[in-house]
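J.: My questions will all concern the structure given below.
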Amino acid sequence: MANVTIIGAQWGDEGKGKVVDWLASRADVVVRFQGGHNAGHTLVVGNQTYKLSLLPSGLVRGKLGVIGNGVVVDPVALLAEIGRVREQGLNVTPETLRIADNAPLILPLHAALDAAREAARGARRIGTTGRGIGPAYEDKVARRAIRVCDLAEPETLDWRLDELLLHHNTLLAGLGAPTFGKAELMDQLLALAPQILPFAEPVWERLAEAKKSGARILFEGAQAVMLDVDHGTYPFVTSSNTVSGQIAAGAGVGPDAAGRVLGIAKAYSTRVGSGPFPTEQDNETGRLLGERGHEFGTVTGRARRCGWFDAALVRQAVKVGGIQGLALTKLDVLDGMTTLQIGVGYRIGGETLPHLPPGAAAQAKAEPVYETIEGWSGSTRGARSYADLPAQAIKYVRRIEELVECPVTLLSTSPERDDTILMQDPFAD
């Protein structure tokens with residue numbers, strides 16, 4: 001059976017949750033392989049709206065959810081999220097959710113350091129969510145992280161906390177922020193252990209068995225390619241690799257497990273937080289897109305910056321992210337607009353480039369090169385076949401395919417699960 005990997009093809013918030021939910025009904029296992037609770041997926045199922053940050057979206061469809069070792073896990077946030085969805089009637093137990101026993105933990109000191117550093121940056125702040133994601137990944141790479149498996153070993157927690165506090169308290173004190181005591185952190189971790197450990201296992205082994213049995217695995221990415229720590233608009237990026245190649249390291253599977261890679265992109269562009277955004281419309285057009293698209297972050301509640309579709313950016317995401325098919329969401333937000341603009345390149349200091357350069361100064365100076373395309377007067381909202389779309393809307397989609405050099409294989413025309421047009425089955429072998 002074929003597997004499917006879903007990643008964002010812009011700066012996140014592209015509607016991955018709905019697409020994952022739509023495809024999860026045909027998968028057996030849904031796996032998160034990077035990121036933390038700084039990412040959010042909103043799923044609308046009947047009269048229920050689920051807002052997930054750490055939990056794999058497939059749990060809503062009764063599928064086995066797996067949190068891979070590439071995810072940094074805030075145990076307090078995870079338990080709170082489990083509690084919230086349980087109140088909505090969702091059954092989350094160790095039989096339905098498994099967590100990699102080697103996944104790193106986010107502790108309160110990580111969030112404190114995150115916030116203190118952002119405050120110290122002042123006008124040059126990156127725009128993090130302040131949830132400790134970056135500092136937790138730093139600890140992982142520096143080999144001082146506390147991992148899920150360590151919760152079963154109080155003696156390991158004891159000396160690892162010494163290492164952590166030596167590093168973090170020094171930084172916090174230097175930034176004028178309160179420091180942390182060892183006894184309080186130890187008590188918190190020991191209290192969390194019996195609540196988290198029943199979910200823990202070597203998930204690489206379970207995924208190997210799933211592959212051997214022919215089960216369908218859906219790998220669910222967080223954030224998006226242009227927030228990748230290597231390939232995104234650095235330093236205004238997340239702290240993990242978001243491209244499809246990360247599933248091998250982040251879930252403990254071979255690179256061949258990715259299967260078909262589906263990239264999710266809005267029919268326009270949005271971004272949360274700081275950083276370059278060449279096609280941003282800080283004007284009435286941007287406000288209109290934001291109002292129609294209900295553009296507020298699932299996790300932060302922050303209003304998203306809005307602008308025209310950037311084909312040059314998505315083409316770059318297609319190439320470095322290994323995207324084989326594009327899922328285009330929120331096409332209905334563009335209904336009734338007389339003309340549309342598509343970014344096809346960038347002008348920097350008199351030079352025209354087909355891609356966004358890696359340098360921060362060059363990115364900040366990039367001016368978009370636009371192609372103008374006629375809009376449409378009819379409605380696309382709720383369309384479930386190409387025959388339901390206005391002719392000019394189809395032309396818009398076709399032009400995007402040409403510019404990003406990737407076929408649009410799925411169209412989403414509303415938040416509702418079934419308002420979807422499928423041109424090519426991503427699970428087909």
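J.: Considering only protein heavy atoms, what is the solvent-accessible area of Val333 at a probe of 1.4 Å, reported in Å² to the nearest 10?
T.: For Val333, solvent-accessible area is about 10 Å².
J.: I'd like the distance between the alpha-carbon centres of the range 189-241 and the range 40-55, rounded to an integer number of Å.
T.: 18 Å
J.: If each Cα of the chain is one equal point scatterer, what is log10 of I(q)/I(0) from the Debye formula at q = 0.10, 0.11, 0.14 Å⁻¹?
T.: Once normalised to I(0) and log-transformed, intensities are -0.68, -0.82, -1.29.
J.: Ok, one more. Between Met186 and Lys212, what length comes free when the chain is fully extended (0.36 nm per residue of separation minus the Cα-Cα distance, one decimal in nm)?
T.: Working: separation 26, 0.36 × 26 = 9.36 nm, distance 4.02 nm.
Answer, rounded to one decimal: 5.3 nm.
J.: Quick one: divide the alpha-carbon radius of gyration of the range 45-131 by 2.2 N^0.38 Å and tell me what you get. Don't skip to the answer; put the middle values down first.
T.: Working: Rg = 15.6 Å, N = 87, 2.2 N^0.38 = 12.0 Å.
Compared with the compact-globule rule of thumb, the range 45-131 sits at 1.30.
J.: Quick one: Cα centre-to-centre distance for the range 134-181 and the range 365-402, in angstrom?
T.: 50 Å
J.: So what's the back-of-envelope 222 nm ellipticity for the chain, counting only DSSP H runs of four-plus at -39500 (n - 2.57) apiece and dividing by all residues, rounded to 500? Write down the numbers at each step before the final one.
T.: On the way: 12 runs with 139 residues, N = 429.
Calculated mean residue ellipticity at 222 nm is -10000 deg cm²/dmol.
J.: Name the lysines eligible as straight-distance cross-link partners of Lys182: C-alpha to C-alpha under 25 Å, and not fewer than 8 places from it in the same chain.
T.: Lys140
J.: Could you provide, to the nearest whole Å², the per residue accessible area of the chain with probe 1.4 Å?
T.: Values: 16860 Å² over 429 residues.
Per-residue value: 39 Å².
J.: In angstroms, what radius of gyration and Dmax does the range 169-240 have, counting Cα atoms only?
T.: Values for the range 169-240 (Cα only, Rg and Dmax): 19.6, 55 Å.
J.: Among the lysines, which have Cα under 27 Å from the Cα of Lys395 when same-chain residues fewer than 8 positions away are ignored?
T.: Lys16, Lys18, Lys266, Lys319, Lys330
J.: Further question: Which is farthest toward the positive dipole end of the chain among Ala177, Tyr50, Cys406, measuring Cα position about the Cα centre, with Cβ charges +1 (Lys, Arg) and -1 (Asp, Glu)?
T.: The residue sitting farthest along the positive end of the dipole is Cys406.
J.: Another one. Eigenvalues of the Cα gyration tensor times 5, then square-rooted: what semi-axes does that give for the range 248-337, in whole angstrom, largest first?
T.: Details: eigenvalues 159, 45, 32 Å².
Its equivalent ellipsoid spans semi-axes of 28, 15, 13 Å.
J.: Quick one, can you get me the convex hull of the C-alpha atoms of the range 304-426 expressed as volume per residue in Å³? Don't skip to the end; give the middle numbers.
T.: Numbers: hull volume 14.5 nm³, N = 123.
Here the figure is 118 Å³ per residue.
J.: While we're looking at this one, here's another question. Using a Debye calculation, one point per C-alpha and no hydration shell, please list log10 I(q)/I(0) for the range 182-314 at q = 0.19, 0.22 Å⁻¹ in order.
T.: -1.09, -1.24
J.: From the P(r) of the range 74-121, can you give the percent of Cα pairs sitting at distances over 13 Å?
T.: Working: 774 of 1128 pairs.
It works out to 69 percent of all Cα pairs.
J.: Considering only DSSP beta bridges where both residues belong to the chain, give the percentage that are antiparallel (nearest 5). Can you show the working numbers first?
T.: Values: 25 of 58 bridges.
Antiparallel bridges: around 45 percent, rounded to the nearest 5.
J.: Now a separate question. Only four residue types carry charge here, +1 at the Cβ of Lys and Arg and -1 at the Cβ of Asp and Glu. Report the dipole size of the chain about the Cα centre in Debye, rounded to the nearest 20.
T.: On the way: 44 positive and 49 negative charges, 85 e Å.
In debye, rounded to 20, the chain gives about 400.
J.: Treat every Asp and Glu Cβ in the range 245-302 as -1 and every Lys and Arg Cβ as +1, leave all other atoms uncharged, and give the resulting dipole magnitude about the Cα centre to the nearest 20 debye. Don't skip to the end; give the middle numbers.
T.: Details: 6 positive and 6 negative charges, 24 e Å.
So the magnitude is around 120 debye.
J.: Tell me the carbon and sulfur percent of the accessible area for the chain, rounded to whole percent, probe radius 1.4 Å. Present the calculation step by step, with values, prior to reporting the outcome.
T.: Values: 8700 of 16860 Å².
After summing per-atom areas, the C and S share lands at 52 percent.
J.: How many percent of Cα pairs in the range 62-191 exceed 23 Å? Walk me through the numbers before you get to the answer.
T.: Details: 3136 of 8385 pairs.
In whole percent, the long-distance tail amounts to 37.
The values are calculated or read from the model by the stated rules, or taken from the named source; none is laboratory data. Bear in mind that the values here come from a model prediction, so they are computed numbers and not experimental data. Please note: Cβ atoms are built from the backbone with ideal geometry, for glycine as well, and neighbour counts cover all protein chains shown. All accessible areas refer to the heavy atoms of the entire protein, side chains included, with ligands and DNA or RNA removed. Shrake-Rupley method; radii C 1.70, N 1.55, O 1.52, S 1.80 Å.
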